[in-house]
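K.L.:
Below you will find the structure I want to go over with you.
The values are calculated or read from the model by the stated rules, or taken from the named source; none is laboratory data. What you see is a predicted model; the values in this text were computed from it and never measured. Cβ placement follows ideal geometry from the backbone for every residue including glycine, while neighbour counts extend to all protein chains displayed.
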Amino acid sequence: MTGSEIALMLGGVALGGLAGLLVPAWVARLPPPVAEEGEEEISYAELARWPALPAVAAVTTAVCWGLVTWRLGADVALPAVLYLLLAGTLLGYVDLRVRLLPNAVVLPSYAVVVVLLGAAALVAGAWTQLAWALVGGAALWAFLAFLGLLAPSGMGFGDVKLAGVLGIGLGWFGLPYVLLGTFVAFVLGGLVSLILVLAGRAHRKSAIPFGPFLLLGFLITVMYGDQVVGWYLAR
């Protein structure tokens, strides 16, 4: 690694740590979801008061930002990827705690990511990549929506909406990245579910949050998608 690459990575770590410290306040300001009859009300303010959250969010975001700045360098799509990882830190935490992906974060993220990638396309003249990003988001949204219709208990609509915005981010790099990110998410989700069942912590019909696996699939694919896709195409 060159000195400039190391500096960029360290900058990503430092800025990621600072950005992660904003997550508790972001969680606390989320509008409360409407609880249906018989459901327990969710208090985001209570979730934000977890004592370890500032440290966990800061370390998670710092590591993720450092990894992608190391892999992508000064890529024009880097701001969009960094935003998705910051929002993903919040979404992963909330989904693990209450099995919910807040619309107040997911839906505005569509506009944020499209604007950031639109700016990237303007700077780099990469309008074809922007078009593929939109196609990737629509395709992944439609695929998970179809799965949700087949098995409503296994795929929530929050997962569908999150998949759509992550598909936009992956689609910028090419449709194979969308396929790979989806594959990685399902493999990781399946493995963890199997481990929980074998350990007696869950059963076959247990509802396990899928959002964190979508986010991990996104991160892993952004970091290593070029190597995996290149290996597959070279076969």
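K.L.:
Could you grab the pairs with beta carbons closer than 6 Å, sequence gap of 6+ or different chains, first residue in region 154-166 and under 11 Å from Phe186 (Cβ atoms), second one among the aliphatic types (A, V, I, L, M) and surrounded by fewer than 21 Cβ atoms within 10 Å (Cβ to Cβ)?
P.N.:
If the second residue must be among the aliphatic types (A, V, I, L, M) and surrounded by fewer than 21 Cβ atoms within 10 Å (Cβ to Cβ), the pairs left are Met155/Leu147.
K.L.:
Of Ala62, Ala77, Ala14, Ala55, which residue is under 26 Å from Ile208 (Cβ atoms) and small (Gly, Ala, Ser)? Break it down into steps so the answer makes sense when it comes.
P.N.:
Numbers: Ala62 fails: under 26 Å from Ile208 (Cβ atoms); Ala77 fails: under 26 Å from Ile208 (Cβ atoms); Ala14 fails: under 26 Å from Ile208 (Cβ atoms).
The conditions single out Ala55.
K.L.:
Under 7 Å by Cβ, and 6 or more places apart or on different chains, what pairs join a residue from region 17-30 that is under 13 Å from Gly88 (Cα atoms) with one that is charged (D, E, K, R) and modelled with pLDDT of 95 or more?
P.N.:
Here the result reads none, with nothing in region 17-30 linked to a residue that is charged (D, E, K, R) and modelled with pLDDT of 95 or more.
K.L.:
How many residues does region 154-181 hold that are surrounded by fewer than 23 Cβ atoms within 10 Å (Cβ to Cβ), at pLDDT 90 or above and either among the hydroxyl-bearing types (Ser, Thr, Tyr) or part of a loop (DSSP other than H, G, I, E, B) (or both)?
P.N.:
Of the residues in region 154-181, 1 are surrounded by fewer than 23 Cβ atoms within 10 Å (Cβ to Cβ), at pLDDT 90 or above and either among the hydroxyl-bearing types (Ser, Thr, Tyr) or part of a loop (DSSP other than H, G, I, E, B) (or both).
K.L.:
Next question. Can you tell me which of (1) of a type outside the set (A, V, I, L, M, F, W, C); (2) surrounded by fewer than 14 Cβ atoms within 10 Å (Cβ to Cβ); (3) more than 22 Å from Ala74 (Cβ to Cβ) is the one Thr128 doesn't meet?
P.N.:
Here Thr128 clears every test but (3).
K.L.:
Determine which single condition Leu21 fails, assuming it passes every other condition in (1) at pLDDT 95 or above; (2) within 26 Å of Ala185 (Cα to Cα).
P.N.:
With respect to (1) at pLDDT 95 or above; (2) within 26 Å of Ala185 (Cα to Cα), Leu21 is out only on (2).
K.L.:
Also: What are the residues in region 140-153 that are touching a residue at least 12 places away in the same chain (Cβ under 8 Å) and either assigned to a helix (DSSP H, G or I) or of a type in the set (Phe, Trp, Tyr) (or both), if any?
P.N.:
Leu140, Trp141, Phe143, Leu144, Ala145, Gly148
K.L.:
Identify, please: which residue in region 193-231 is loosely packed, with under 15 Cβ neighbours inside 10 Å and touching a helix residue (DSSP H, G or I) at 6+ places or on another chain (Cβ under 9 Å) and is, among those, farthest from Val98 (Cα to Cα)?
P.N.:
Tyr224
K.L.:
Here's a follow-up. Given the conditions (1) part of a helix (DSSP H, G or I); (2) crowded, with 21+ Cβ neighbours inside 10 Å, and given that Ala119 satisfies all but one, which numbered condition is not satisfied?
P.N.:
Failed condition: (2).
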